[in-house]
Amino acid sequence: MPSSFSMPSNPVTILTDATNGFRNNVRRMRSRTLWDQPRTMTIGKENQLTNKGITAATPVTADVGKWDPVDGKIIIKVCVPVTDDIWRFKVPEDITLAAFHQKVEAKIGFPVVLGKSQVDTLFSEMQFKQWVGRRVRNGRNTPLTARPAWTDVKKSLR
């Protein structure tokens, strides 16, 4: 039975022609670190909003009160470099270090040591309260770092 579709002599040619459309397109995007900086729209034919009459540059600013307490709860972010994850914890404003540490370990699934960075460790309740008070910097909620507890045990055995 004849068909209207004939098999090409080289099927690889069809594959390369079909994939050229999306393989060669370069996507441009802004880095997450640049989102806090004000952006302006350049005046051009495609950016003019003629129905509203807006043609001037309009800056986009960060939401300053985004990380403020809501109903007595704050959001604390925890970065886990071992699993390459960032977790959000919605906790009461007056949470203790022990209660927060327990909540983090239950969520992550293994014992961790909390710190401001991978080398720092929060030892006391006062250090934790100070960090919670200063966790929002330049409109960004900075995360705590949770590293596995067994890495500290290995270091102490050396």
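The values are calculated or read from the model by the stated rules, or taken from the named source; none is laboratory data. Note that the structure is a prediction, hence the values are computed from the model and not measured. So basically every Cβ, Gly included, is an ideal-geometry build from the backbone, and we count neighbours across all protein chains shown.
Is it the case, given these coordinates, that Lys77 is within 21 Å of the chain's Cα centre (by Cα) and either polar (S, T, N, Q) or over 12 Å from Ala146 (Cα atoms) (or both)?
Numbers: within 21 Å of the chain's Cα centre (by Cα): yes; either polar (S, T, N, Q) or over 12 Å from Ala146 (Cα atoms) (or both): no.
Criteria not met by Lys77.
Here is the figure for the range 97-106: residues that are of a type outside the set (Phe, Trp, Tyr), surrounded by 13 or more Cβ atoms within 10 Å (Cβ to Cβ) and out of contact with any helix residue (DSSP H, G or I) (no Cβ under 6 Å at 6 or more places or on another chain) total 4.
Within the range 130-143, work out how many residues are touching a residue at least 12 places away in the same chain (Cβ under 8 Å) and either of a type in the set (Lys, Arg) or closer than 15 Å to Ile74 by Cα (or both).
Here is the first cut: in the range 130-143, the ones touching a residue at least 12 places away in the same chain (Cβ under 8 Å) are 131-132, 135-136, 138-143.
Within this subset, residues satisfying the condition of being either of a type in the set (Lys, Arg) or closer than 15 Å to Ile74 by Cα (or both) are 131-132, 135-136, 139-143.
Here the count works out to 9.
For Lys45, the conditions (1) loosely packed, with under 12 Cβ neighbours inside 10 Å; (2) at pLDDT below 90; (3) under 21 Å from the mean Cα position of the chain (by Cα) are fulfilled apart from (3). Restricting attention to the range 107-135, the residues being part of a strand (DSSP E or B) and modelled with pLDDT under 90 number 1.
Quick one: is Glu125 touching a Pro at 6+ places or on another chain (Cβ under 6 Å) and surrounded by fewer than 16 Cβ atoms within 10 Å (Cβ to Cβ)?
On the way: touching a Pro at 6+ places or on another chain (Cβ under 6 Å): no; surrounded by fewer than 16 Cβ atoms within 10 Å (Cβ to Cβ): yes.
No; evaluated as a whole, the condition is false for this residue.
For the range 60-92, residues that are touching a residue at least 12 places away in the same chain (Cβ under 8 Å), closer than 19 Å to Gly139 by Cβ and in a loop (DSSP other than H, G, I, E, B) total 4.
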